[in-house]
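The values are calculated or read from the model by the stated rules, or taken from the named source; none is laboratory data. No experiment lies behind these values; they were computed from the predicted model shown. Glycine gets a Cβ as well: all are built from the backbone with ideal geometry, and neighbour counts include every protein chain shown.
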Amino acid sequence: MTTKEVMFDTIEDVKQFVNQAEQYKADVDVCCGSCMVDGKSLLGILSLGIKKKLNVVIHD
């Protein structure tokens, strides 16, 4: 499992992230506090908000 902290400044940044995450076979989660969403879900990530520090977890 790999964890990184990220911040998305624009919706375009989120779109690019989701496109990259969809290329992985591994599960990708994005967390903010106790909320966790699928890293391959544009709406899921947007529901957490932009311009916030988020944690990306890759389950490899």
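In region 29-60, what residues are part of a helix (DSSP H, G or I) and surrounded by 14 or more Cβ atoms within 10 Å (Cβ to Cβ)? Give the derivation first.
Taking region 29-60 first, the residues part of a helix (DSSP H, G or I) are 42-48.
The answer is Leu42, Gly44, Ile45, Leu46, Leu48.
Please state which one of Val37, Val30, Val6, Val18 is in contact with a Leu (Cβ under 9 Å, 6 or more places away or on another chain) and free of Cβ contacts under 8 Å to residues at least 12 places away in the same chain.
Working: Val30 fails: free of Cβ contacts under 8 Å to residues at least 12 places away in the same chain; Val6 fails: free of Cβ contacts under 8 Å to residues at least 12 places away in the same chain; Val18 fails: free of Cβ contacts under 8 Å to residues at least 12 places away in the same chain.
Exactly one of Val37, Val30, Val6, Val18 is in contact with a Leu (Cβ under 9 Å, 6 or more places away or on another chain) and free of Cβ contacts under 8 Å to residues at least 12 places away in the same chain, namely Val37.
When you look at Val14, is it within 10 Å of the chain's Cα centre (by Cα), assigned to a strand (DSSP E or B) and surrounded by 11 or more Cβ atoms within 10 Å (Cβ to Cβ), yes or no? Spell out the reasoning first.
Values: within 10 Å of the chain's Cα centre (by Cα): yes; assigned to a strand (DSSP E or B): no; surrounded by 11 or more Cβ atoms within 10 Å (Cβ to Cβ): yes.
Considered against the rule, which asks whether it is within 10 Å of the chain's Cα centre (by Cα), assigned to a strand (DSSP E or B) and surrounded by 11 or more Cβ atoms within 10 Å (Cβ to Cβ), Val14 comes out as no.
Within region 24-50, how many residues turn out to be modelled with pLDDT under 95 and either under 14 Å from Val14 (Cα atoms) or β-branched (Val, Ile, Thr) (or both)?
The total comes to 2.
Take region 21-35 and flag every residue that is more than 19 Å from Ser47 (Cβ to Cβ) and of a type outside the set (Phe, Trp, Tyr). Give the steps one after another, and end with the answer.
Step one: list which residues in region 21-35 are more than 19 Å from Ser47 (Cβ to Cβ), which gives 23-26.
The answer is Gln23, Lys25, Ala26.
Does Val57 qualify as being in contact (Cβ under 8 Å) with a residue 40 or more places away in the chain, aliphatic (A, V, I, L, M) and in contact with a Ser or Thr (Cβ under 9 Å, 6 or more places away or on another chain)?
Working: in contact (Cβ under 8 Å) with a residue 40 or more places away in the chain: yes; aliphatic (A, V, I, L, M): yes; in contact with a Ser or Thr (Cβ under 9 Å, 6 or more places away or on another chain): yes.
Spelling it out, Val57 is indeed in contact (Cβ under 8 Å) with a residue 40 or more places away in the chain, aliphatic (A, V, I, L, M) and in contact with a Ser or Thr (Cβ under 9 Å, 6 or more places away or on another chain).
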